[in-house]
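A.B. asks: This is the structure, below, for whatever I ask next.
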Amino acid sequence: MAHLLIDGNPVDPIGMRDVVRFRTAERARLMEARRQLSVQQRAAMTANLITKLETRVVPQQGMKIAVYWPIRGEPDLRDWMAKAHAAGAVILLPVVAEKNAPLSFRAWQPGCAMERGIWNIPVPTRGAEAVPDVVISPLLGVDEACFRLGNGGGYYDKTLAQLDPLPKVIGVGFSHCRIPTIFPMPWDIPMDSVVLSDGSVCDRF
């Protein structure tokens, strides 16, 4: 029966195949929609997103906030990260130490030394590792139950599954990324809140 288990969860192989196909198609569609945004549109939409995010996350001294380094046209929160750092928060960036393994989080600050990680994404060279209190995660897609569609590596779900206590997880993305469902699988972990570039917010509870 091992072929019917993934991460210890029973999975119907045909259903799993259909979900993988659906998600692959949705990723391609949503990535193309994001690619069509101009630099100016992304900047304006990101500014709107940050305005709303600032009402949901108030950085405080010692608060550990995991963010991300923007790739593939994701909302660029680096200015917000710098402001949060100046407010006394510890800003963390995800690090892929090993393919298909959970992420670690390494401290970042403006001007710190950076290096290319496994997926060629910049990560802090010498930042101390820490466990976040808040995780701000980029969205390619998000459904009505706050399940996230990411780039397909499964790193965030693998990571969150091993953290205890679970940090507060906030997804951020452009407003076109809404979809009715990602057809969540047993290992998918919903986010607590979602903040989108049109100023809308969705809370799981």
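The values are calculated or read from the model by the stated rules, or taken from the named source; none is laboratory data. Predicted, not measured: the structure shown is a model, and the values here were computed from it. FYI the Cβ positions are ideal-geometry reconstructions off the backbone, even for glycines, and counts take in every protein chain you see. When the accessible area is computed, the model is the full protein with side chains, heavy atoms only, and any ligands, DNA or RNA have been set aside. Shrake-Rupley method; radii C 1.70, N 1.55, O 1.52, S 1.80 Å.
A.B. asks: Identify the single condition in (1) open to solvent by less than 50 Å² (accessible area, probe 1.4 Å); (2) part of a strand (DSSP E or B) that residue 115 does not satisfy, given that it satisfies every other one.
C.D. replies: Status for residue 115: all satisfied but (1).
A.B. asks: Can you name the strands (runs of 3 or more DSSP E) wholly within the stretch 150-205 that have at least 2 residues being over 25 Å from residue 35 (Cα atoms)?
C.D. replies: Answer list for the stretch 150-205: 168-173.
A.B. asks: Kindly evaluate residue 148 against the criterion of being open to solvent by 40 Å² or more (accessible area, probe 1.4 Å), in contact (Cβ under 8 Å) with a residue 40 or more places away in the chain, within 18 Å of residue 55 (Cα to Cα) and touching a Ser or Thr at 6+ places or on another chain (Cβ under 9 Å).
C.D. replies: No, not satisfied.
A.B. asks: Give the stretch 55-78 a look and list any residue that's within 17 Å of the chain's Cα centre (by Cα) and closer than 21 Å to residue 201 by Cβ, or say none.
C.D. replies: Passing the criteria: 56, 57, 65, 66, 67, 68, 70, 74, 75, 76, 77.
A.B. asks: Continuing with the same structure: Just checking, which of 62, 15 is farther than 25 Å from residue 124 by Cα, of a type in the set (Gly, Ala, Ser) and either out of contact with any helix residue (DSSP H, G or I) (no Cβ under 6 Å at 6 or more places or on another chain) or at pLDDT 95 or above (or both)?
C.D. replies: Result of the check over 62, 15: 15.
A.B. asks: What is the one condition in (1) open to solvent by 30 Å² or more (accessible area, probe 1.4 Å); (2) within 12 Å of the chain's Cα centre (by Cα) that residue 125 does not satisfy?
C.D. replies: (2)
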